[in-house]
Amino acid sequence: MNIKKDFVLSNGVSMPAIGFGTWQIPAGESCYKAVAHAIKSGYRHIDTALAYENEQSVGQAVRDSGISRTELFITSKLPAEFKSYDDALYCFDKTMQNLGLEYLDLYLIHAPWPWDNIGADCTKENIEVWRAIEEIYASKPCRAIGVSNFSVSDLQAIMDNGSITPMVNQIRMFVGNAQQELTAFCRQHSIVVEAYSPLATGRLLKHPPIVELAEKYNTSTAQLCIRYVLQKGAIALPKSVTPERIEQNLAVDFMIEPKDMAFLDLLRESDVQ
Ligand code: A2P
């Protein structure tokens, strides 16, 4: 797979296959430098969220990059705790203020439930919030809309009650957590899947079977893990604040053979310490 090859969303908007993840990068110099280096290294897709509290630094780095805005794809998210129509519109405006950009490429509902109540049934609220997201898509500067951390039933509820099927579902996905059922459902409904934490926040990198396989391909374990999610048909969103790693994570122009993909498919998250 050519990493330059974009994914095309159901509304025709293209997005680059590798995005720079900014979760857990503190606002300020650290985030500004990381995003600036990512863009300098060739990333054209940056993923942030109001809840990461680093949108201002992301926006500043994007604006200072010298790269035309139309060449960059910027995602942000509505915090999971905000579950009303009015709050959704308010948060979108806040995000745009923070970023200081004329438009957003993709806006996602961050999660179907508040983070302090994971798994809670917020179906009714999510249907209302999705109505607001559709309104944002119709009337605000936002090119595409979607969700994050949504299960099949969470997706089904808003598809049954809304007018637009989410264009993206950003999920926790990596070797050992391939989310077969959810990704199959998304594929069936033309919902592009994005994999956040493709390195399991770093936990996969020293896992012996992955280390061994990476040696075979003469790549780093991080590159192997990023390549895995791409070959599973998902967009990869690796995060790093380290310049060499930021560069390395984009250099994944190799192919994992089908038998090695099958081997990786058999690994389980519970095996990774
Ligand atoms: P750091 O940011 O200090 O460079 P994920 O993308 O799954 O959330 O994983 C992020 C974690 O993996 C971070 O701790 C990051 O460290 C680390 N990481 C990212 N890329 C690499 C790499 N190429 N080699 C080693 N560690 C990496």
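The values are calculated or read from the model by the stated rules, or taken from the named source; none is laboratory data. What you see is a predicted model, and the numbers here were worked out from it, not measured in a lab. Using ideal geometry, Cβ is built from the backbone for each residue, glycine included, and neighbour counts are taken over all protein chains shown. In case anyone asks, the SASA skips ligands and DNA or RNA and just uses the protein heavy atoms, side chains included. Shrake-Rupley method; radii C 1.70, N 1.55, O 1.52, S 1.80 Å.
Would you call F174 within 18 Å of the chain's Cα centre (by Cα) and more than 21 Å from L89 (Cβ to Cβ)?
Values: within 18 Å of the chain's Cα centre (by Cα): yes; more than 21 Å from L89 (Cβ to Cβ): yes.
Spelling it out, F174 is indeed within 18 Å of the chain's Cα centre (by Cα) and more than 21 Å from L89 (Cβ to Cβ).
Restricting attention to region 182-210, which residues are more than 19 Å from P16 (Cα to Cα), open to solvent by less than 50 Å² (accessible area, probe 1.4 Å) and more than 11 Å from the ligand (Cβ to nearest atom)?
Going residue by residue through region 182-210, those that are more than 19 Å from P16 (Cα to Cα) are 182, 184-185, 188-189, 200-210.
In the following step, the residues that additionally are open to solvent by less than 50 Å² (accessible area, probe 1.4 Å) were identified as 182, 184-185, 200, 202, 204, 207, 209-210.
Listed by number, the residues that qualify are L182, A184, F185, H207, P209, I210.
Could you please find all residues in region 18-38 being among the small types (G, A, S) and either surrounded by fewer than 22 Cβ atoms within 10 Å (Cβ to Cβ) or within 11 Å of the ligand (Cβ to nearest atom) (or both)? Spell out how you get there, then give the answer.
Step one: of region 18-38, the residues among the small types (G, A, S) are 19, 21, 27-28, 30, 34, 36, 38.
If the condition is that a residue be among the small types (G, A, S) and either surrounded by fewer than 22 Cβ atoms within 10 Å (Cβ to Cβ) or within 11 Å of the ligand (Cβ to nearest atom) (or both), then G19, G21, A27, G28, S30, A34, A36 are the ones that fit.
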(message) Anything in region 154-164 that is surrounded by fewer than 15 Cβ atoms within 10 Å (Cβ to Cβ) and in contact (Cβ under 8 Å) with a residue 12 or more places away in the chain? List them, or say none.
(response) N161, S163
(request) Go through the residues of region 149-165 one by one and say whether even a single one is under 22 Å from the mean Cα position of the chain (by Cα), within 18 Å of F82 (Cα to Cα) and not hydrophobic (A, V, I, L, M, F, W, C). (result) yes
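Counting only residues that are among the hydroxyl-bearing types (S, T, Y) and in a helix (DSSP H, G or I), which one in region 39-83 is surrounded by the most Cβ atoms within 10 Å (Cβ to Cβ)?
From region 39-83, those among the hydroxyl-bearing types (S, T, Y) are 41, 43, 48, 52, 57, 65, 68, 70, 75-76; that's our starting set.
Next, only the ones that are in a helix (DSSP H, G or I) stay: 41, 52, 57, 70.
On the way: S41: 16, Y52: 22, S57: 26, T70: 8.
Filtering first and then ranking leaves S57.
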(request) State which residue pairs qualify: first residue closer than 15 Å to H45 by Cβ and open to solvent by 40 Å² or more (accessible area, probe 1.4 Å) and inside region 237-249, second residue within 7 Å of the ligand (Cβ to nearest atom) and among the small types (G, A, S) in any location, beta carbons under 9 Å apart, and separation of 6 or more residues or different chains. (result) K239/G21; K239/S197
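Can you pull out the residues in region 250-267 that are open to solvent by less than 80 Å² (accessible area, probe 1.4 Å) and not in a helix (DSSP H, G or I)? Show your work before the answer.
Residues of region 250-267 that are open to solvent by less than 80 Å² (accessible area, probe 1.4 Å), as a first pass: 250-252, 254, 256-257, 260-262, 264-265, 267.
L250, A251, V252, F254, I256, E257, L267, listed by residue number.
Results for (1) among the acidic types (D, E); (2) without any contact (Cβ under 8 Å) to a residue 60 or more places away in the chain; (3) in contact with a Ser or Thr (Cβ under 6 Å, 6 or more places away or on another chain), shown as yes or no for each residue.
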{"position": "A200", "(1), (2), (3)": "no, no, no"}
{"position": "P209", "(1), (2), (3)": "no, yes, no"}
{"position": "A214", "(1), (2), (3)": "no, yes, yes"}
{"position": "R227", "(1), (2), (3)": "no, yes, no"}
(request) Take region 105-126 and flag every residue that is open to solvent by 30 Å² or more (accessible area, probe 1.4 Å) and either on the phi < 0 side of the Ramachandran plot or in contact with a strand residue (DSSP E or B) (Cβ under 6 Å, 6 or more places away or on another chain) (or both). (result) W113, W115, D116, N117, I118, D121, T123, K124, E125
(request) With the condition kept exactly as written, say whether any residue in region 53-70 is within 15 Å of the ligand (Cβ to nearest atom) and within 14 Å of the chain's Cα centre (by Cα). (result) no
(request) Read through the list (1) among the small types (G, A, S); (2) more than 15 Å from the ligand (Cβ to nearest atom); (3) open to solvent by less than 60 Å² (accessible area, probe 1.4 Å), then give the number of the only condition that S270 fails. (result) (3)
(request) Please go through region 16-38 and pick out each residue that is over 13 Å from K239 (Cα atoms) and outside any helix (DSSP H, G or I). (result) P16, A17, A27, G28
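Restricting to region 172-181, name every residue that is surrounded by 15 or more Cβ atoms within 10 Å (Cβ to Cβ) and not charged (D, E, K, R).
Going residue by residue through region 172-181, those that are surrounded by 15 or more Cβ atoms within 10 Å (Cβ to Cβ) are 172-179.
Across region 172-181, the qualifying residues are M173, F174, V175, G176, N177, A178, Q179.
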